[in-house]
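What follows is a set of notes on a single structure, which appears directly below.
Bear in mind that the values in this text are calculations on the coordinates, not laboratory data. This is a predicted model, so every value here is computed, not measured. Please note: Cβ atoms are built from the backbone with ideal geometry, for glycine as well, and neighbour counts cover all protein chains shown.
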Protein chains: 2
Amino acid sequence: MLTRSEEDHLKAVHALLQTIGADGKAAKAAGTKDIAERLRTKASSVTDMLKKLAAKGYLKHEPYYGVKLTAKGETLALQLVRRHRLWETFLVERLGFGWDEVHEVAEQMEHVASDKLTDRLDDYLGNPGFDPHGDPIPDRKGKIRTKRTQRLSLCKGGEAVRIAAVSDTTDGLLRLLDSKGLRIGTQLTVLEVHAFDGSMDIKPKNGAAFSLSKDVSHHLQVERG
Amino acid sequence: MLTRSEEDHLKAVHALLQTIGADGKAAKAAGTKDIAERLRTKASSVTDMLKKLAAKGYLKHEPYYGVKLTAKGETLALQLVRRHRLWETFLVERLGFGWDEVHEVAEQMEHVASDKLTDRLDDYLGNPGFDPHGDPIPDRKGKIRTKRTQRLSLCKGGEAVRIAAVSDTTDGLLRLLDSKGLRIGTQLTVLEVHAFDGSMDIKPKNGAAFSLSKDVSHHLQVERG
DNA sequence: AATAAAAATTAGATATGTCTAAAATAAGTT
DNA sequence: AACTTATTTTAGACATATCTAATTTTTATT
C-alpha cells in the first residue's frame, strides 16, 4: 500500500511524461524540479521520495538525469488517473457540479483504494470514455480510448468542434438536428453559453448562427478541431 | 483542517460517548484505553492526540479521568458520521454493494472534506434518514432523526419488523400489498433472504408465510421490533 | 575549453505520529 | 486502611515526510 504522498508523486511523474514539450514531443524522463513545482514542494524532498519509489519498483531513477515509470508504476498511475476522471464524471453528471470545480474534490477521492468501488462506479456511469474535460478515462485494464469526444453541452464559448456522434438516438432529436442542418461531421463554433439555462449559440461552418437548448447539446458528442 | 488521524480520534471519542454501557447509560467521558482499542493503537499515543485536540478546542481533557467533546468537536464528529453514512447509503443503494462490505470503503470516503459534495450527495440520495444498517444520518445541521426505519429489502433473515411506510406509492404496488394482507403497522418476521434474486420469505404475525420479490421489499420501509 | 547558470543531490534540522518502558494516579479487594 | 491491579501519563526512541543550506553534476554561454 502506498501513502497518499507516494501516490501523488507517481501521478506527477506520469503526468509530466504525458506532457508534450516545446519541441513537440513528450519527455523521456521527468526531473525533480518539475515534479516539485507540480506538487508544491521542493526538489530535495522529491529526490527522497523518488528513491523510495524506485526501491519499491515503481520507477527507474537515474541520478542527475530523471525518472521513468516501470510497468508496475505505469499501471498504478493509470489506476489513479482512472479514479480521478471517473469521480470527476460522477460529480458533474450526477451531482451537478460545474466542470471547473471538481478537480480538488476528485484529487481527494482518487486516493480511496478499492477496485470494486472503481469498477462499480465505472458501470454506474455507463463506462464513459471521457471525463467532463474531454480527457480519456482508462478502462479497468488501463487501456485508454483514443477518440476524444465530449458532450457539446460541456463546451465553452470560442471552441471549434466537429459533431462525432449523437448519444441518445431519439427520432425527435434526429429530426430536429436534421432540420437545423446538423449531422455527423458538421463543423461548428460555439459562440456563447448562457449560464441561465445552459443554452448555447453556435455557428455551423457553412451557415448562419442560431441557438441550441441544453437538452439538445447534451446529446451531441463532439471532437475538437 | 484536521489530519486523518485527528478525525479518527474525534470520531472514536464520539462513538464511545454514544455507546451504552453495562449499567444501561452512556458514559460521561471516554478513556484512552478504549479509544486506543478502537483505533488499533496504544493508550499513550491516544493521550498525545487528545492533548493536541484539546489544545485546538475540539474536546476537554481531564487527566486520568477522560475526555468529552466540546460543541465544536461534537459538530465535527457529526459531520464525519454524516459523511460516513451517506457514502454507505450510496454504495449500497446505487452501486449495489452488500450492506456488510461498505464500512471499510466508507471509512476512507468520510475523510473527503467538501460541504458542497456532502450536501449534494445527500440530495442525490433523496435525503435519507437512515443508512443501510438502520443507523440515523445527521442532516446538514447535525440533527438526527429519531425514527429508525429502513428498507425491508435490506433486512436479514431472523429480523422481526413492523411496516412503517411505503416509499414508492404506485397503485399497482399498493394493490399487491393489500392482496397479501400487508399494510402500515403489520408486524412480520423475515425468514430467509435468497442471495440469488434478492427475494425474501416473510411471515406476517397473523398469517402464513410467503415470498416477496426484491422489487416489492425494496419499497417497504420498516422499523425494528 | 573555461566559466557561468541551472538542476539534482546530500546532509542535517524540524514536525508529526507512533511506539516501549517506566512512573503516576485511580479503582478494586481483602 | 493497606495492598494489588488497572489505567493513564510521561519520557525518550524511532520512522516518515518535509524543509534549508551546501555540494555535486549537468547544461548553456561566451
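The calculated 222 nm mean residue ellipticity attributable to helices in chain A amounts to -12000 deg cm²/dmol, summing -39500 (n - 2.57) over DSSP H runs of n ≥ 4 and dividing by all residues.
Within the shell of other residues whose beta carbon sits under 11 angstrom from the beta carbon of A:Phe97, the net charge comes to -2, with Lys and Arg scored +1 and Asp and Glu -1. For the protein assembly as shown, pairs of C-alpha atoms spaced more than 44 angstrom apart make up 28 percent of the total. Across the copies of the chain, B:Gly181 has label points (7 Å from Cα along Cα→Cβ) spaced 7.1 nm apart, shortest distance listed first. Charge dipole of the protein assembly as shown (Cα centre as origin; +1 on each Lys and Arg Cβ, -1 on each Asp and Glu Cβ, all else neutral): 740 debye, rounded to the nearest 20. Distances between placed amide hydrogens fall under 5 Å for A:Asp131 paired with A:Ile137, all partners being 5 or more residues away or on another chain. Sorted fewest first by neighbouring Cβ atoms within 10 angstrom, A:Asp100, B:Asp34, A:Asp215 come out as A:Asp100, A:Asp215, B:Asp34. A cut-off of 5 Å between modelled amide H atoms, ignoring neighbours fewer than 5 places along the same chain, links A:Ser199 with A:His194, A:Lys214.
Working from label points 7 Å from Cα in the Cα-to-Cβ sense, the B:His103 to B:Leu125 distance is 1.7 nm.
For the stretch A:73-146, the Cα-based Rg and Dmax, in that order, read 11.1, 33 Å.
Listed from fewest to most Cβ neighbours within 10 Å, the set A:Asp48, B:Asp122 follows the order A:Asp48, B:Asp122. Near A:Glu159, the amide H atoms lying under 5 Å from its own belong to A:Val190; only residues 5 or more places off or on other chains count, and H is placed 1.01 Å from N. May I ask you to derive the FRET efficiency for A:Lys180 and B:Ala27 from their Cβ-Cβ distance with R0 = 60 Å, giving the value to the nearest 0.05? Computed FRET efficiency for A:Lys180 and B:Ala27: 0.30. Cβ-to-Cβ counts within 10 Å put B:Ser199, B:Ser213 in ascending order as B:Ser213, B:Ser199, the fewest first. Computed from the C-beta positions of A:Asn206 and A:Lys141, the FRET efficiency with R₀ = 56 Å rounds to 0.85. If you take all other residues with their beta carbon under 12 Å from the beta carbon of B:Ala208, and give Lys and Arg +1 and Asp and Glu -1, the sum is +2. Take the Cβ atoms of B:Lys72 and B:Ala165, set R0 to 56 Å, and the FRET efficiency comes out at 0.95. Whole-Hz Karplus values for the stretch A:192-208 come out as 7, 10, 8, 4, 3, 10, x, 6, 9, 9, 10, 10, x, 4, 10, x, 7 Hz, taken residue by residue from phi with 6.51 cos²θ - 1.76 cosθ + 1.60 and θ = phi - 60°; glycine and proline positions read x. Just so you know, the Cα atoms of chain A work out to an Rg and Dmax of 20.4, 63 Å. Inter-copy label distances at B:Gly126, using a point 7 Å along Cα-to-Cβ, come to 2.1 nm with the shortest given first.
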